[in-house]
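A.B. asks: Encoded as structure tokens, here's the structure I'll be asking about.
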Amino acid sequence: MQGAIARVCVVVVAAILNHPLLFPQENTTLPDQDKELMARMREHEEKLEMEQAKLEKELSQLESKQEESSSEDGYSWYFWSTLSFVIFFTIELYRVDLTDTEIKPVEDEDVFSESGSVTPRTMVLDKDVLSNFCDKCMYTSSHENWRVREFVEGFADDLLESLRSVCDRDADMEVGDFVGIGSMFESWKVCKPLMCDLIVPFSPPDPYSFQFHLWCSPSSDVPPGLQGCGKIKVTKFGENEKGCLCGSANMGDDMLCLLHSRNDTPKVDHSPDELLCSRNTPFLAKDQVMKWFQISVTKAWGRISHKYDFEVTFRNLDAAGALTIRFRSGKVIMLNIIPVVQLEDTDAYFVSHFPSDCDSPPDPYWPLSFAVYEKNLLKHFAKRLPQNSCHLHCLQIVTFLHRKQTGLTGKSALTNYHLKTALLHLLLSKKPSVWGVESMEHRLRDLLSFLQRSLQEKRLHHVLIGNSKVPGDVQVPLIIRKAEPINLLRPLVLQRELHAATVRHFTKC
């Protein structure tokens with residue numbers, strides 16, 4: 001009995017000492033480069049193998065000297081063998097669990113928090129991956145983007161010149177020169193297909209003009225939910241005045257009116273529809289403007305299409321100038337030509353629609369765009385930040401991730417404009433010296449943390465409206481600088497489901 005127990009114990013000890021759990025053949029949890037440690041492990045393993053051989057030899061000698069065991073001893077042997085099998089099986093199961101938990105490589109799921117989301121602190125940022133991304137997706141695309149901008153500007157010039165030729169100078173709206181805005185003209189576009197946004201200001205024919213009623217004006221009647229918008233009233237010159245004396249009195253041939261020439265002919269009055277106003281109102285209507293502009297662009301393209309070897313189609317009938325240019329090679333360029341109204345002599349423009357917006361304010365309310373000032377603000381920072389600064393790289397990475405996640409789970413309330421606004425807030429709050437290319441990992445974490453906090457608080461203020469931190473040389477209009485800040489995430493306050501969906505979208509990016 002005692003001999004059988006001794007034999008079993010020897011076998012169990014030898015098996016445990018030689019088991020892969022304690023001394024694995026390949027130590028995958030240790031770095032391969034630690035040669036000294038691996039050598040010591042192999043030496044220790046060889047000693048254990050020698051010890052096991054010695055124990056097996058002694059066991060065989062004991063068996064040769066031992067007489068045939070009794071039946072009780074036989075049953076004991078079966079009992080201890082079974083027990084040994086159970087011990088080995090338990091150790092094997094534990095070894096599998098331990099291997100799965102300790103040796104499994106780090107994947108996306110490993111950096112999720114208990115709530116199933118990635119936080120900026122827990123997210124793994126690999127500097128090599130970030131650098132490789134910048135090299136492949138940013139630096140290599142800068143030359144192509146420059147060529148696309150050059151082509152788009154030349155094509156837009158030709159198209160608008162053709163548009164002016166099909167318009168009636170005395171009756172139709174007068175179209176000005178385009179202005180490039182957005183990511184393509186701010187040098188942070190990274191996703192394809194390439195898309196260029198151009199705004200085209202227009203003005204009414206003589207003797208009409210525009211009057212503006214901003215949401216931040218003292219006598220504003222713009223609803224609270226439409227902050228950042230305004231109404232555009234079409235007025236006729238002199239209709240609010242009593243009139244000029246030259247038309248009601250005989251002043252003689254020697255008297256000359258400084259306002260009117262003798263050769264002036266009466267201007268033909270236009271109906272509200274001809275002036276693109278809302279029905280029975282003097283206010284400019286976005287729907288009317290977009291219909292007029294779309295018809296005009298179609299006629300203009302028809303006049304010059306024979307000069308070009310590519311196809312131009314309307315991408316979205318609800319957007320006036322959403323065009324798709326398709327070359328024979330298969331290359332595609334998206335072009336948004338957006339009709340706008342300039343706010344007096346500023347660089348702020350009332351836009352008929354934003355390309356990224358699903359819902360536009362109802363007529364007669366026009367959203368006000370400060371895209372030109374935002375472009376100037378980025379230029380302001382570019383002059384003061386370190387050479388090869390990482391601010392645009394951070395924005396490109398975040399917008400790239402946002403676009404990929406949108407392709408997986410669909411659109412959310414978060415747009416590229418929110419991402420750019422968050423970056424501009426960080427640029428205004430941090431010293432220029434911390435935006436070096438070597439600090440890209442830290443600034444990317446800052447940007448993600450700022451966005452996460454904004455979504456949690458459901459608050460992200462417009463970077464230019466009511467912000468005293470904006471430098472004076474950007475020349476934001478005084479009435480805009482003194483206005484109350486506008487929360488760009490206000491829809492999330494009113495819609496809980498939209499907020500929850502947007503948070504889920506962000507945490508999965």
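A.B. asks: What full-extension length gain, to one decimal in nm, is calculated for ARG169 and GLU484 as 0.36 nm per residue of separation minus the Cα-Cα distance?
C.D. replies: Working: separation 315, 0.36 × 315 = 113.40 nm, distance 4.03 nm.
In short, 109.4 nm is gained.
A.B. asks: Another question about this same structure. So for TYR417, TYR308, fewest C-beta neighbours within 10 Å to most, what's the order?
C.D. replies: Starting with the residue having the fewest Cβ neighbours, the order is TYR308, TYR417.
A.B. asks: Within a Cβ distance under 11 Å of VAL148, other residues only, what is the Lys/Arg minus Asp/Glu net charge?
C.D. replies: Numbers: positive: ARG147, ARG149, LYS189, LYS192, LYS331; negative: GLU144, GLU150, GLU153.
Cβ neighbours under 11 Å give a net charge of +2.
A.B. asks: For a Förster distance of 25 Å, can you work out the FRET efficiency between the beta-carbons of ARG147 and HIS442, rounded to the nearest 0.05?
C.D. replies: The pair ARG147/HIS442 has a calculated efficiency of 0.15.
A.B. asks: Write down Rg/Rh for the range 381-436, rounded to two decimals, with Rg from the C-alpha atoms and Rh from the Kirkwood relation over Cα pairs.
C.D. replies: Reported Rg/Rh, Kirkwood definition of Rh: 1.06.
A.B. asks: If you don't mind, another one. Neighbouring Cβ atoms within 10 Å as the yardstick, rank TRP301, TRP435 fewest first.
C.D. replies: Details: TRP301 18, TRP435 24.
Ordered by Cβ neighbours within 10 Å, fewest first: TRP301, TRP435.
A.B. asks: Please compute the modelled spin-label separation between LEU408 and SER220, points set 7 Å along Cα→Cβ, answer in nm with one decimal.
C.D. replies: 4.0
A.B. asks: Quick check: Cα centre of the range 339-400 to Cα centre of the range 269-331, how many Å?
C.D. replies: Between the Cα centre of the range 339-400 and that of the range 269-331, the gap is 22 Å.
A.B. asks: While we're on this one: What pairs from LYS404/LYS458; LYS299/LYS383; LYS291/LYS331; LYS192/LYS291 go past 32 Å between their alpha carbons? Each step should come with its number before you reach the end.
C.D. replies: Values: LYS404/LYS458 23 Å; LYS299/LYS383 43 Å; LYS291/LYS331 28 Å; LYS192/LYS291 29 Å.
Exceeds cut-off: LYS299/LYS383.
Laboratory data are not the source of any read-out in this text; all were calculated from the coordinates shown. Small disclaimer: the values here were computed from a predicted structure and weren't measured. Using ideal geometry, Cβ is built from the backbone for each residue, glycine included, and neighbour counts are taken over all protein chains shown.
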